[in-house]
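Undergrad: Take this structure, written in structure tokens, and hold onto it; I'll ask about it next.
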Amino acid sequence: MKVVIGQGSCGIATGAKKTSNEFERVVKEKCLENVVIDKAGCIGTCYLEPIVDVYGDEGELQARYVKVQPDKVEEIVEKHLVGGEPVQEMMISEVDEKFLSAQQRVVLRNCGQINPERIEEYIAKGGYEAVKKVVTSMTQDEVINVVKVSGLRGRGGAGFPTWFKWNAEKSSPGTEKYMVCNADEGDPGAFMDRSVLEGDPHSLLEGMTIAGYATGANQGVIYVRAEYPLAITRLEIAMEQAREKGFLGKNLFGTNFSFDVRIKAGAGAFVCGEETALIASLEGERGMPRLKPPFPAAKGYWQMPTNINNVETYANVPWIFANGGEAFAAMGTQQSKGTKVFALAGKIKKGGLVEVPMGLPLKEVIYGIGGGIKNDKEFKAVQMGGPSGGCIPGSLIDTPVTYEDINKTGAIVGSGGMIVMDENTCMVDMARYFLDFTKKESCGKCNYCRIGTKRMLEILERITRGEGKDGDIELLEELAAKVKDGAMCGLGQTAPNPVLTTIRYFRNEYEDHIYNHKCTAKSCKALISFKITDKCKGCGACARKCPVGAISGEKKKMHEIDPAVCIKCGKCEESCKFDAVERM
Amino acid sequence: MKSKNTGCQCGGNSEANFTELAPVLEKYAQVPGSLITILQQAQDIYGYLSMDAINYISAKTGIKPAKIYGVATFYAQFRLQPIGKYLIMLCKGTACHVNGADMIEEAVCEHLGIKDGETTEDGLFTLNNVACLGCCSLAPVMMIKTADGEETFGNLTKDSVKKILDDYRAKEA
């Protein structure tokens with residue numbers, strides 16, 4: 001029997017390692033010699049971590065246990081591993097099962113299924129077959145044509161056709177060509193690439209090798225965020241094993257094609273998601289973008305032809321060659337083909353990684369798979385595309401998830417972050433949050449981006465402080481247009497999107513802040529006040545917690561907050577067991 | 001990632017003290033484009049980049065100190081000040097923001113008496129707000145980094161975060 005504990009970063013954060021150790025201990029204590037303890041990457045159902053799969057001797061999945069904290073291990077071992085009876089009440093429910101069954105997994109095909117630290121398991125799933133076929137039996141043009149037929153577009157945000165970039169690099173003369181992977185997943189709220197790196201690193205290596213063959217590149221570089229230490233470790237293990245097996249290195253599969261990969265740890269700069277900035281960073285410089293053309297395909301890393309795709313794009317490639325470009329093109333819509341992985345988070349019941357065919361309506365993703373809004377509150381908006389994207393309001397929840405349809409709303413598909421917001425999320429504050437981010441991350445090269453984002457942030461801060469002025473909305477719109485026009489790279493050109501989309505769909509909230517001194521979502525501190533309602537039992541808990549002594553009242557009688565003294569810290573609201581403190 | 005914090009704030013490192021950095025420079029000093037790698041390894045060894053370290057790297061690589069300083073200040077990862085034994089990386093990503101990361105920051109600041117970027121007087125904790133740790137489904141999240149590795153904590157509340165910090169502090173007693 002085999003016990004597999006999901007150990008991606010998020011699994012480990014919920015205690016998967018402790019659960020794994022406990023299994024080791026109990027199994028050893030009971031001398032169960034036929035039980036193997038193993039690990040896998042993240043299967044994507046983050047809200048159910050830690051997840052434990054028990055496989056029988058034939059490799060069949062006998063049970064999937066969820067939320068397995070160490071104290072539950074003993075019971076599972078006792079009843080299932082020893083007694084042979086799965087513990088029904090700890091197993092994944094049918095409803096939760098739907099979270100997985102409603103998806104279509106291409107990129108995440110192996111995540112959570114295999115041990116990412118053992119190449120044999122990847123090979124057993126058909127891994128490295130595609131690259132072997134490509135290198136030994138196809139020409140460069142044939143490879144590029146398959147990618148063209150598949151309709152694969154860059155999954156990092158811009159959605160540029162992948163075959164076109166490959167072909168451009170192939171056609172560019174150069175003594176050395178490079179294949180770069182952008183694994184600097186900088187969008188706050190996105191973790192698709194981390195999951196692939198941690199759960200199925202070989203699919204990335206295989207995809208890069210195929211791309212290297214198609215374009216004539218012999219060197220690959222993976223630019224990974226330093227915030228992903230586990231991803232770096234697992235990649236290093238995977239590279240080592242691939243070299244041992246002859247899947248990376250000189251003269252692959254007995255041909256004269258050689259390809260190897262190295263890792264470069266990023267140092268934390270969002271702007272390095274932009275191709276030319278990433279190249280500057282690879283060369284050890286400040287990560288500042290430069291004008292295009294020349295495009296990296298002609299002059300990139302060390303002035304040589306360079307192709308840059310992100311993790312998810314490369315991870316699609318082995319699947320395309322194993323199943324054919326047509327099979328990939330059969331998924332999705334006319335313009336947006338294949339699947340897309342989304343990181344579903346925020347005020348959602350079931351957060352996690354979701355891979356769906358392009359064209360599925362947002363509603364299906366949020367309600368059908370994600371189970372709807374936490375605490376059954378009202379769905380207000382979903383933020384897509386991170387700081388370069390925008391907020392799509394509830395009224396557009398039937399929008400199909402394709403590059404074109406999402407662009408029409410003012411947001412972008414982006415790298416796949418999907419942050420769900422409910423009635424308590426203030427949209428002006430959201431815009432402020434993203435501008436705060438882009439202001440900090442602007443590299444400072446273009447005036448409009450450097451100063452424009454700062455001025456926009458100042459206005460938004462003023463509005464959320466309750467000091468908004470008549471004309472602020474119009475000023476924001478004007479600045480937004482200027483920053484978009486005046487910035488050279490994608491960061492600046494898209495930085496105003498969160499502001500523009502929130503003004504477009506939630507103008508009333510801006511107006512509420514400015515003209516009525518009211519935060520519609522009751523979230524901006526300066527614009528709310530706390531009041532005790534008649535639900536109050538007079539227990540005095542809030543009065544004891546209040547740091548400024550603003551609450552008074554007799555025991556067992558309704559208490560009162562003195563608004564002149566109150567500093568709006570919210571401690572009373574937290575401490576009340578009767579929901580008697582309300583935000584006004 | 002291993003990091004060793006010497007805790008030394010005198011800033012008076014002489015060249016003799018860079019023995020651990022010497023092999024790194026031997027390997028990378030002449031490899032073009034290695035500056036960021038060198039700085040990362042220097043920070044891993046000393047916990048931060050002192051001006052002396054920057055000058056030493058400059059002498060060995062031939063890159064001007066001003067340029068090294070420029071690169072070091074461009075990237076969020078590099079620190080020019082020493083840090084505490086436990087580095088708290090508090091996630092301020094979108095999912096964490098929506099789920100109350102500001103509240104968690106408030107609780108940490110209040111509990112330790114420091115602000116973002118500061119270190120407690122006893123040299124134990126440094127607070128760093130970071131953009132995203134990629135554990136969005138467990139928001140709000142923080143990671144605590146020590147010389148032995150790192151631990152991630154999810155679904156934080158004001159109370160749980162205080163308890164986690166107290167547990168770390170108790171280890172020291």
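Bear in mind these aren't lab numbers, they're just calculated from the coordinates by the rules spelled out. Treat the numbers as computed from the prediction; the structure is a model and nothing was measured. Quick reminder, even Gly has a Cβ in these numbers, built from the backbone with ideal geometry, and neighbours come from all protein chains shown.
Undergrad: Would you be able to say whether some residue in region A:476-496 is in a helix (DSSP H, G or I) and within 14 Å of another protein chain (Cβ to nearest Cβ)?
TA: yes
Undergrad: Being away from chain B (no Cβ under 14 Å) and crowded, with 22+ Cβ neighbours inside 10 Å narrows it down to one of A:Val354, A:Val382, A:Val365, so name that one.
TA: After ruling out the rest, the residue left standing is A:Val365.
Undergrad: Identify the single condition in (1) crowded, with 16+ Cβ neighbours inside 10 Å; (2) at the interface with chain A (Cβ under 9 Å from one of its Cβ atoms); (3) in a loop (DSSP other than H, G, I, E, B) that B:Cys96 does not satisfy, given that it satisfies every other one.
TA: (3)
Undergrad: Taking only region A:422-459 into account, find how many residues are within 14 Å of another protein chain (Cβ to nearest Cβ) and either over 12 Å from A:Leu491 (Cα atoms) or touching a strand residue (DSSP E or B) at 6+ places or on another chain (Cβ under 9 Å) (or both).
TA: Qualifying residue count, region A:422-459: 14.
Undergrad: Now for a different question. Could you grab me the full set of residues in region B:20-40 that are assigned to a helix (DSSP H, G or I) and facing another protein chain (nearest Cβ under 10 Å)?
TA: Listed by number, the residues that qualify are B:Tyr28, B:Leu35, B:Ile36, B:Thr37, B:Ile38, B:Leu39, B:Gln40.
Undergrad: From (1) within 19 Å of the chain's Cα centre (by Cα); (2) part of a loop (DSSP other than H, G, I, E, B); (3) on the phi < 0 side of the Ramachandran plot, pick out the condition that doesn't hold for A:Gly268.
TA: The single condition A:Gly268 does not satisfy is (3).
Undergrad: List pairs: first residue in region A:175-191 and without any contact (Cβ under 8 Å) to a residue 60 or more places away in the chain and more than 13 Å from chain B (Cβ to nearest Cβ), second residue surrounded by fewer than 24 Cβ atoms within 10 Å (Cβ to Cβ) and part of a strand (DSSP E or B) anywhere in the structure, Cβ distance under 7 angstrom, at least six positions apart or on different chains.
TA: Correct list of pairs: empty, since none qualify.
Undergrad: Still on this structure, I have one more. When the residues of region B:45-78 are narrowed to those that are touching a helix residue (DSSP H, G or I) at 6+ places or on another chain (Cβ under 7 Å) and charged (D, E, K, R), which ends up surrounded by the most Cβ atoms within 10 Å (Cβ to Cβ)?
TA: The qualifying residue surrounded by the most Cβ atoms within 10 Å (Cβ to Cβ) is B:Lys60.
Undergrad: Just name the residue that is nearest to the chain's Cα centre (by Cα) out of those in region A:250-265 that are away from every other protein chain (no Cβ under 14 Å) and buried (at least 21 other Cβ atoms within 10 Å of the Cβ).
TA: Filtering first and then ranking leaves A:Val261.
Undergrad: Filtering region A:460-475 down to residues that are crowded, with 21+ Cβ neighbours inside 10 Å and of a type outside the set (S, T, N, Q), which residue is farthest from the other protein chains (Cβ to nearest Cβ)?
TA: Ranking the qualifying residues of region A:460-475, first place goes to A:Gly468.
Undergrad: How many of the residues making up region A:218-249 are surrounded by fewer than 17 Cβ atoms within 10 Å (Cβ to Cβ), out of contact with any strand residue (DSSP E or B) (no Cβ under 8 Å at 6 or more places or on another chain) and within 17 Å of A:Tyr128 (Cα to Cα)?
TA: 5
Undergrad: Give me the residue from region A:277-290 that is surrounded by 24 or more Cβ atoms within 10 Å (Cβ to Cβ) and assigned to a helix (DSSP H, G or I) and, out of that set, nearest to the other protein chains (Cβ to nearest Cβ).
TA: Applying the filter and picking the extreme gives A:Ser281.
Undergrad: If you check A:Gly56, A:Gly41, which single one turns out to be of a type outside the set (Val, Ile, Thr) and out of contact with any helix residue (DSSP H, G or I) (no Cβ under 8 Å at 6 or more places or on another chain)?
TA: Result: A:Gly56 is the single residue among A:Gly56, A:Gly41 that is of a type outside the set (Val, Ile, Thr) and out of contact with any helix residue (DSSP H, G or I) (no Cβ under 8 Å at 6 or more places or on another chain).
Undergrad: Can I ask one more? Could you run through region A:132-181 and say how many residues are within 17 Å of A:Val221 (Cβ to Cβ) and in a helix (DSSP H, G or I)?
TA: 3
Undergrad: OK, next. Condition first: more than 14 Å from A:Lys245 (Cβ to Cβ) and among the hydrophobic types (A, V, I, L, M, F, W, C). Now tell me which residues in region A:115-134 satisfy that.
TA: A:Ala130, A:Val134
Undergrad: From the set of residues in region B:115-142 that are at the interface with chain A (Cβ under 8 Å from one of its Cβ atoms), touching a Leu at 6+ places or on another chain (Cβ under 8 Å) and not in a loop (DSSP other than H, G, I, E, B), which is nearest to B:Gly47 (Cα to Cα)?
TA: Looking at residues that are at the interface with chain A (Cβ under 8 Å from one of its Cβ atoms), touching a Leu at 6+ places or on another chain (Cβ under 8 Å) and not in a loop (DSSP other than H, G, I, E, B), I get B:Val130.
Undergrad: Which one of these is without any contact (Cβ under 8 Å) to a residue 24 or more places away in the chain, within 14 Å of chain A (Cβ to nearest Cβ), surrounded by fewer than 22 Cβ atoms within 10 Å (Cβ to Cβ) and under 23 Å from A:Ser9 (Cα atoms): B:Glu110, B:Glu151?
TA: The conditions single out B:Glu151.
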